[in-house]
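Report on the following structure.
The values are calculated or read from the model by the stated rules, or taken from the named source; none is laboratory data. Just so we're clear, the structure is a prediction, and the values are computed from it rather than from any experiment. Counting neighbours? That spans all protein chains shown, and the Cβs are built from the backbone with ideal geometry, glycine included. These accessible areas exclude ligands, DNA and RNA; they are computed on the full protein's heavy atoms, side chains included. Shrake-Rupley method; radii C 1.70, N 1.55, O 1.52, S 1.80 Å.
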Amino acid sequence: MVTIKEIAQKSNVSTATVSRVLNHDHSISVQDETRQRILQTAKELGYQTIHERRKKQQTQSKKTSFSVGIIACQTVEEELNDPYFISIRQGIEEELYKQGINKIGSYRLNDMLTVPQDFLSLDGLLVIGRLGEDVLNQVSENIKNIVYLNYVPDEERYDSVTIDFEKATKKALQHLIDLGYKRIGYIGGVEREHLKQQKVISEDKRLTTFENMIKHGYFEGSEDIYIGEYTMTHGYELMKKALKKKNVPKAFFVASDPMAIGGLRALQEAGLSVPSDVALVAFDDIEAAKYSSPPLSTVKVYTKEMGQTGVKLLMDRMKGRELPVKVTVPTSLVIRQSCGTSVTQ
């Protein structure tokens, strides 16, 4: 290994001067020519400072031989219609890169008739969405380290990263209640568990929370619930269906931003102004939400952070942690023009 003494001898200066120059001590009084000569000599001899050696060690320590799989439980069409899950995947991929993992396998559940053979060699798996119980059991038999995102199958067995859909929905609805709305409509899609070639509809906490708040007398709206698919097209069609009623609610909670953007279009085509005639609060805070006309008030879900957190949990798990961990990522309500600030009834 090259020493400071060797650099000093070749540069014809003292070891103290070499040490201070290489450690960027700008308080030293030395001519630029001498400084450059020392730096050039160090470079030619291949010398590395302690800081540079530590940085190199840290970079090398980040490299890992772990192999990780990502399962998307959504179809390609479902992902394209709702950027929510794509954003979670982006967070995963960014964090895997930071962690130095380059052995990554991507799978889509609806393409898997059986568990792929290469699953047997995976050290860990990140699952985005809901898995049917039979597929879940097959996967669990082959892979010990699994983290579920946006779904909690068994918190006493698996790591998971999710949000509190009930709390987030209440936050949005309470805002409309505080504005004075006593009747609120609901537009939403269906949550599905993919089971072999079937799609089994499961509980959607946004809808059940909405219904429970009606039951407890927070507002009226039991006759104003419209369910379709989580797409912009269905948001548009469901809002048009709602507008056919004689007495339309003056506020809607829409369970995804793409659906809300579709609903906005239907309202505008009907000659209704948002929020003067109908107020909207949506869910997700995708990038398009702040550019819609008017910009959407919406529940912000930190999807990229969910993906990044999932990777960190998986790394911890693959390094030996046994106790399962559930992380609930907080949400926030972003107030924009689509819900207004006051209401007259």
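Restrict the search to region 275-345; then list the GluC sites (Glu not before Pro) that DSSP places in a loop and that have at most 11 other Cβ atoms within 10 Å of their Cβ.
Here the GluC sites (Glu not before Pro) that fit, given the DSSP loop and packing criteria, are E322.
Taking only protein heavy atoms into account and a 1.4 Å probe, give the accessible area per residue of the chain in Å².
52 Å²
Sequence gap at least 6, Cα distance under 8 Å: using those rules, report the relative contact order of region 286-333 to the nearest whole percent.
This gives 50 percent for region 286-333.
Too long at a 19 Å Cα-Cα cut-off: which of K170/K215; K170/K244; K245/K290; K205/K300; K98/K304; K215/K300?
Those over the limit are K170/K244; K245/K290; K215/K300.
For the chain, which whole percent of the accessible surface, found with a 1.4 angstrom probe, sits on carbon and sulfur atoms?
48 percent
What spacing in nm lies between the two simple spin-label points modelled at L243 and D32, each 7 Å away from Cα in the Cβ direction?
Distance between label points: 7.0 nm.
Can you compute the FRET efficiency between Q138 and K98 using 1/(1 + (r/R0)^6), with r the Cβ-Cβ distance and R0 = 25 Å? Round to the nearest 0.05.
0.25
Given labels modelled 7 Å from the Cα in the Cβ direction, how far is it in nm from S293 to Q90?
About 2.4 nm, to one decimal.
Take every Cα pair under 8 Å in the chain that's 6+ residues apart, average their separations, divide by the length, and report that relative contact order as a whole percent.
18 percent
Counting Lys and Arg as +1 and Asp and Glu as -1, what is the net charge of the other residues whose Cβ lies under 13 Å from the Cβ of G124?
Result for the neighbourhood of G124: +2.
What distance in nm separates the two pseudo spin-label positions at S65 and I227, each 7 Å out from Cα along the beta-carbon direction?
Simple spin-label model gives 5.0 nm for this pair.
Running Debye on the chain with equal point scatterers at the Cα sites and no solvent, what base-10 log of I(q)/I(0) appears at q = 0.11, 0.14, 0.15 Å⁻¹?
-0.78, -1.04, -1.15
When DSSP beta bridges are limited to those with both residues in the chain, what percentage is antiparallel, rounded to the nearest 5?
20 percent
To the nearest 0.05, how large is the calculated FRET efficiency for K5 and K319 if R₀ is 41 Å and r is the Cβ-Cβ distance?
0.50
Are there any GluC sites (Glu not before Pro) in region 216-273 that are in a DSSP loop and have at most 12 other Cβ atoms within 10 Å? List them by number.
Sites meeting the loop and neighbour criteria: E223.
Given the Cα-Cα distance of S14 and E211 and 0.36 nm per residue of separation, how much length would full extension add, in nm?
Full extension of this stretch gives 62.9 nm more.
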